[in-house]
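Okay, structure first, notes after.
Coordinate-derived values only; no laboratory data. Nothing here was measured: the structure is a model prediction, and the numbers come from that model. Ideal geometry is used to build each Cβ from the backbone, glycine not excepted, and the neighbour counts take in all protein chains shown.
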Amino acid sequence: MADRAPRHDSIAQALSAATTELAALGLDAPRLSAELLAAKALGLSRLGLVMQAKDFFTDETFVQFRSLVARRAKGEPVAYLLGEKEFYGLNLRVSPDVLIPRPETELLVDEALRLFPSGSPLRFADFGTGSGALAVALAHVFPKAHGLAVDLSAQALEIARHNARAHGVEQRLDFLNADFTTLELAPASLDLIVANPPYVTEAEYAELSHEVSGFEPGLALMSPDAGLAHIRGLAPVAAQALNPGGALLCEFGSSQGRAVLEIFRDPALSFTQPAILRDYAGLDRVLRALRAEA
């Protein structure tokens, strides 16, 4: 039996109209957004979309596409509409329960690979794991590593578990529903700690685009004390849990570098040579601090 009658809109025509609509609203990457949403509605890759640009939507797929475009027009992030986001070459499930992984966070994985050979049997922890992006990526690039993924949100941990399972690393990751700022881990039990904690101030949050503040979880973004409360809480927990010579890699806001260095230069923490790493845009982004050798 033939498919239902197609719409008069070709894929190319519908993409052009959606791109114009999204661009008029000032949304980021309108053409890319339209292509990704059309590909989802049609069950195609972006390459398939190009190859079938002269084909037509059916009534059903056109309704699906226009529904997605309408949600995007209200500012809903494309990653939530697709239900996935790529991070370090891995497709990860995302939902409004977790932050959308950002490219700059990949710097923590790059730096971990500079600090440790890929064959190292690392013991690591990911504080504030969210979608599990860092934990899953680290377990992927360090095939002998075992990690602990910690998050205050049980819903986030379910997403992280799914992503670990999807990429075959679930057996090497444990998941803990806890506040990492009050966590008591065994002393000198970890080689590496990574963290992308909340660090946005209330004032900065008020200035964020609606695409972020209207859809992504505020608790995973904002932190009191000029955005430093979670980082201050992280410092003594990491100092206790890291082995001598172990490393902490922590993301922070681009204006917070001096304050973060001051926190980790406290002699009581026994970190050595804390340093600030810049992201791919040249902005201060990641703290690297090594636990002093015994």
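In loop segments of the range 236-294 as defined by DSSP, the chymotrypsin sites (Phe, Trp or Tyr not before Pro) with at most 14 further C-beta atoms inside 10 Å of their C-beta are Y280.
Among the GluC sites (Glu not before Pro) within the range 210-294, which fall in a DSSP loop and have no more than 14 other Cβ atoms within 10 Å of their own Cβ? List each step's numbers first, then the result.
Values: sites: E211, E251, E262, E293; in loops: E293.
Filter output for the range 210-294: E293.
Among 216-224, 25-33, how do they line up from the highest to the lowest mean number of other beta-carbon atoms within 10 Å?
Numbers: 216-224: 17.4, 25-33: 14.6.
Ranking, from highest mean packing down: 216-224, 25-33.
Couplings for the range 146-155, taken from phi via the Karplus curve 6.51 cos²θ - 1.76 cosθ + 1.60 with θ = phi - 60°, read 10, x, 10, 9, 10, 8, 6, 9, 5, 5 Hz in order; Gly and Pro are left as x.
Over 12 Å apart: what share of the alpha carbon pairs of the range 141-181 falls there, rounded to a whole percent? Before the final figure, lay out each step's value.
Working: 461 of 820 pairs.
Result: 56 percent of Cα pairs exceed 12 Å.
Kirkwood radius, the range 6-74, all distinct C-alpha pairs, inverse of mean reciprocal distance: 11.6 Å. Per-residue ellipticity at 222 nm from helix content only, as computed over the chain with -39500 (n - 2.57) for each DSSP H run of at least four residues, stands at -11500 deg cm²/dmol.
Protection proxy ranking, highest mean first, for peptides 240-250, 59-69: 240-250, 59-69, where packing is the per-residue count of other beta-carbon atoms within 10 Å, averaged. Put simply, the C-alpha atoms of the range 1-156 give a gyration tensor, and the ellipsoid matching it has half-axes of 38, 16, 14 Å, longest first.
Helix 30-42 and the longest principal axis of the C-alpha atoms of the chain enclose an angle of approximately 70°.
Taken over the chain, the ratio of Cα radius of gyration to 2.2 N^0.38 Å equals 1.13. Note on K85: lysines with a C-alpha under 19 Å away, same-chain residues under 8 apart excluded, are K40. To the nearest ten degrees, helix 59-73 and the longest principal axis of the Cα atoms of the chain are 50 degrees apart.
How much length, in nm to one decimal, is gained on full extension between Q171 and R265, taken as 0.36 nm per residue of separation minus their Cα-Cα distance? Show your work: numbers first, answer last.
Numbers: separation 94, 0.36 × 94 = 33.84 nm, distance 3.62 nm.
Additional length available on full extension: 30.2 nm.
The aspartates and glutamates whose alpha-carbon is closer than 19 Å to the alpha-carbon of K144, local same-chain residues fewer than 8 away aside, are D110, E111, D126, E170, D174, D191. Rounded to the nearest 10 degrees, the inclination of helix 106-115 to the longest alpha-carbon principal axis of the chain is 40 degrees.
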